[in-house]
Amino acid sequence: MNPLAQQLNTTLAPTVAGRLLSQVGQRMYFPKGIVAQSAEASAKATRFNATVGMAVAGGNPIMLPSLAALLPSLTSKEAVAYAPTGGVMALRTLWQKQILQKNPGLREADFSLPMVIPGLTAGIFQAEELFLDPGDEVLIADMFWGNYRLIIEGRRKGVVKTFPYFTPGTEEPGFNIQGFKEALVDAATRLKKLMVILNFPNNPSGYTPTKEEARAMAAALVDAAEMGLDLAVVCDDAYFGLFFDENCETQSLFSYLAQAHERILALKVDGSTKEDLVWGFRVGFLSFGCKGFTADHYHALLQKLMGSIRSSVSSSPGNSQHLLVKTLESPTYQAEKASFLQVMVDRYKKVKEVLEGKGARDARSLLRPLPFNSGYFMSFVCQGISAEALRLALLDKGIGTIAIGTEYLRIAFSSVDVQDIPTLYSEIFTTARGLQG
Ligand SMILES: Cc1ncc(COP(=O)(O)O)c(C=O)c1O
């Protein structure tokens with residue numbers, strides 16, 4: 001094994017991260033190669049810098065004039081130069097500040113500096129690369145974003161285990177804390193290590209747990225850790241901030257877990273994709289938090305992650321990171337976000353209103369709405385009709401929805417103008433009734 005990787009493994013060996021590292025994770029290190037040497041040169045090479053593989057003139061990267069004309073607010077360095085492997089430092093520190101503002105329960109010392117990854121998918125991917133070996137289990141609620149399975153099983157040969165997200169058999173279901181606990185106890189009695197992915201606001205259900213449920217979830221994880229289970233808990237906060245109900249827990253589960261237990265390594269996957277409405281920018285972040293971690297432990301883990309980034313995507317796009325630095329620093333940024341949130345709140349309220357109406361009541365035996373209070377989506381449970389058949393019938397009417405298996409129909413109300421929501425739902429109810437045998 002490479003001596004740099006060995007050194008990092010030795011640093012992490014006494015910690016849960018050391019025990020959780022996959023074979024790939026153990027082999028990762030950030031080489032003292034081109035990237036490290038050119039980083040050194042940019043600090044010290046005051047005469048000529050002949051290190052990095054870019055075309056430079058007069059100290060600035062050369063840029064095609066037609067492209068420069070399209071990006072007048074960026075220097076050529078910001079527009080076309082490689083970004084550092086771990087991301088633009090100004091953006092990483094700004095994002096760290098944002099995490100602290102949005103999660104008052106967290107202190108700066110509780111977690112690592114966020115590292116930039118090209119979108120949240122890459123955050124999940126990197127977490128699996130570093131901590132999942134073939135055959136390892138990942139516990140997820142049964143309402144989950146389908147790409148998890150592709151990454152876990154398709155790429156890493158891991159095993160997806162699910163627990164029912166909602167409390168069964170109740171008119172007003174909430175987060176199924178009992179099911180979560182049972183799944184953790186089962187894992188703790190069989191396994192030495194487990195990865196858990198928690199995604200709130202949830203895709204596809206649109207449900208975020210209440211504060212009480214969040215506390216119970218953290219306590220269940222601590223109990224499992226007390227039983228001797230090493231846990232990597234990934235908090236996928238893709239839709240963070242889109243909370244529409246006062247009962248929602250508005251802090252990330254990460255703030256409960258970052259310092260919860262020496263056996264719990266918390267990973268926060270979040271980013272600008274949905275939070276800053278820049279879906280195609282490919283800017284996300286991965287941060288770590290663990291009780292008892294020193295600066296050396298965080299450094300070693302971030303070096304592992306940098307090695308994994310360097311050996312896969314090399315770096316994230318630079319221009320989108322620089323545009324985000326300027327956006328996050330803009331004096332109108334917070335007000336702009338508040339006004340966008342209001343647009344989503346209005347759509348959410350309209351959907352709730354429609355679901356109280358006669359059309360919804362008449363179709364309720366066929367389409368049961370699952371609880372939702374946040375995010376982009378809500379889902380119906382299809383009863384006596386197939387979700388896929390309903391999706392196809394709606395498509396024939398020019399309406400796009402997502403069927404998840406045969407049972408669930410997901411509606412992204414985030415992408416429908418508020419005035420169109422009543423018509424959209426009325427079409428869904430009518431079409432469902434038309435499919436009834
Ligand atoms: C729950 C969840 N996590 C992660 C992502 C991926 O985000 P990104 O586009 O930044 O890769 C999505 C995107 O739809 C998502 O729904």
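Beta-bridge orientation, the chain: approximately 55 percent antiparallel, per DSSP, counting only bridges with both partners inside.
Among 84-93, 294-303, 259-268, what's the highest-first ranking by average C-beta atoms within 10 angstrom per residue?
Working: 84-93: 19.7, 294-303: 17.5, 259-268: 24.4.
Ranked from most to least packed, the peptides come out as 259-268, 84-93, 294-303.
Which of Lys102/Lys181; Lys211/Lys291; Lys193/Lys291; Lys268/Lys291; Lys32/Lys268 have a Cα-Cα distance over 19 Å? Display every interim value, and only then the final one.
Details: Lys102/Lys181 28 Å; Lys211/Lys291 22 Å; Lys193/Lys291 17 Å; Lys268/Lys291 15 Å; Lys32/Lys268 27 Å.
Violating the 19 Å Cα-Cα cut-off are Lys102/Lys181; Lys211/Lys291; Lys32/Lys268.
Ignoring ligands, DNA and RNA, please state the percent of accessible area on region 334-435 from carbon and sulfur, probe 1.4 Å.
On the way: 2540 of 4800 Å².
Of the solvent-accessible surface of region 334-435, carbon and sulfur hold 53 percent.
Each residue, Thr430 and Gln334, gets one label point 7 Å from its Cα in the Cβ direction; the gap between the two is 4.6 nm.
Pairs spanning more than 32 Å between alpha-carbon atoms, out of Lys161/Lys274; Lys77/Lys304; Lys77/Lys97; Lys192/Lys274; Lys192/Lys352; Lys97/Lys352: Lys192/Lys274; Lys192/Lys352; Lys97/Lys352.
Under Stokes-Einstein, with the Kirkwood radius over Cα pairs standing in for Rh, what whole-number D in µm²/s applies to the chain at 37 °C and 0.692 mPa s? The partial results should precede the final answer.
On the way: Rh = 23.3 Å.
D = 141 µm²/s.
Annotation: amide H of Val233 within the under-5 Å range of Val196, Leu265, Ala266, Leu267, sequence separation 5 or more or interchain, hydrogens built in the peptide plane. Ranking Tyr376, Ala216, Ala90 by how far each Cα lies toward the positive end of the dipole of the chain (charges on Cβ) leaves Ala90 at the top. The sum of -39500 (n - 2.57) across all DSSP H runs of n ≥ 4, divided by the residue count of the chain, sets its helix-only mean residue ellipticity at 222 nm to -13000 deg cm²/dmol. With the charge dipole of the chain set up from +1 on Lys and Arg Cβ and -1 on Asp and Glu Cβ about the Cα centre, the Cα lying farthest toward the positive end among the listed residues Val354, Trp279, Pro3 is that of Pro3. For Leu324, what charge total do you get from the other residues with a beta carbon under 14 Å from its beta carbon, if Lys and Arg give +1 and Asp and Glu give -1? Summing Lys and Arg as +1 and Asp and Glu as -1 gives 0.
The residue among Ser311, Leu139, Leu194 whose Cα reaches farthest toward the positive pole of the charge dipole of the chain, with charges on the beta-carbon of Lys, Arg, Asp and Glu, is Ser311.
Before anything else, pin down the relative contact order of region 1-134: Cα pairs under 8 Å, at least 6 apart, normalised by residue count, whole percent. Could you put the intermediate results ahead of the total?
Details: 82 pairs, mean separation 37.9, N = 134.
Result for region 1-134 is 28 percent.
Could you please report the charge total around Asn9, scoring K, R as +1 and D, E as -1 over all other residues with beta-carbon less than 14 angstrom from its beta-carbon? Once positives and negatives cancel, what remains is +2.
For the options Lys192, Lys32, Lys337, a Gaussian network treatment of the chain with springs between C-alpha atoms closer than 10 Å singles out Lys32 as fluctuating the most.
Each Lys and Arg Cβ is given +1 and each Asp and Glu Cβ -1; about its Cα centre, the chain then shows a dipole of about 1020 debye. Mean separation of Cα pairs under 8 Å and 6 or more residues apart, divided by the residue count, gives the chain a relative contact order of 18 percent. Cα centroid separation, region 335-390 to region 225-245: 24 Å. Candidate cross-link partners of Lys358 among the lysines, defined by an alpha-carbon separation under 30 Å and a same-chain spacing of 8 or more, comprise Lys349, Lys350, Lys397. Considering only the other residues whose Cβ falls under 10 Å of the Cβ of Val269, what net charge follows from Lys and Arg at +1 and Asp and Glu at -1? Value of the local net charge: -2. The string of couplings for region 303-311 from the Karplus curve (6.51, -1.76, 1.60, θ = phi - 60°) is 5, 4, 5, 4, x, 5, 5, 4, 8 Hz, one whole number per residue in order, with x for Gly and Pro. The modelled label-to-label distance for the pair His299/Thr406, using points 7 Å beyond Cα in the direction of Cβ, is 5.8 nm. Here the Gaussian network model covers the chain, with springs between Cα atoms less than 10 Å apart; of Asp136, Asp245, Asp362, Asp362 fluctuates the most. The length gained by stretching the chain between Gln178 and Lys352 to full extension, at 0.36 nm per residue less their Cα-Cα distance, is 59.9 nm.
Basic side chains Lys and Arg get +1 at the Cβ, acidic Asp and Glu get -1 at the Cβ, and with that the dipole of region 334-435 about its Cα centre reaches some 240 debye.
Specify the residue with the greatest mean-square fluctuation among Ala39, Ala79, Ala218, computed from a Gaussian network of the chain linking alpha-carbon atoms under 10 Å apart. For the chain, modelled as a Gaussian network with Cα springs under 10 Å, the answer is Ala39. The distance separating the Cα centre of region 109-147 from that of region 155-188 comes to 18 Å.
Across region 119-199, the relative contact order, built from alpha-carbon pairs under 8 Å that are at least six residues apart, equals 32 percent. Calculated accessible area for the chain comes out at 45 Å² per residue, all protein chains present (probe 1.4 Å; ligands, DNA, RNA ignored).
Taking the Cα centre of region 1-110 as origin and assigning +1 to Lys and Arg Cβ atoms and -1 to Asp and Glu Cβ atoms, the resulting dipole is close to 140 debye.
The values are calculated or read from the model by the stated rules, or taken from the named source; none is laboratory data. It should be emphasised that the depicted structure is a prediction, and the values quoted were computed from it without experimental measurement. Here Cβ is always computed from backbone atoms with ideal geometry, including for glycine, and neighbour counts include all displayed protein chains. When the accessible area is computed, the model is the full protein with side chains, heavy atoms only, and any ligands, DNA or RNA have been set aside. Shrake-Rupley method; radii C 1.70, N 1.55, O 1.52, S 1.80 Å.
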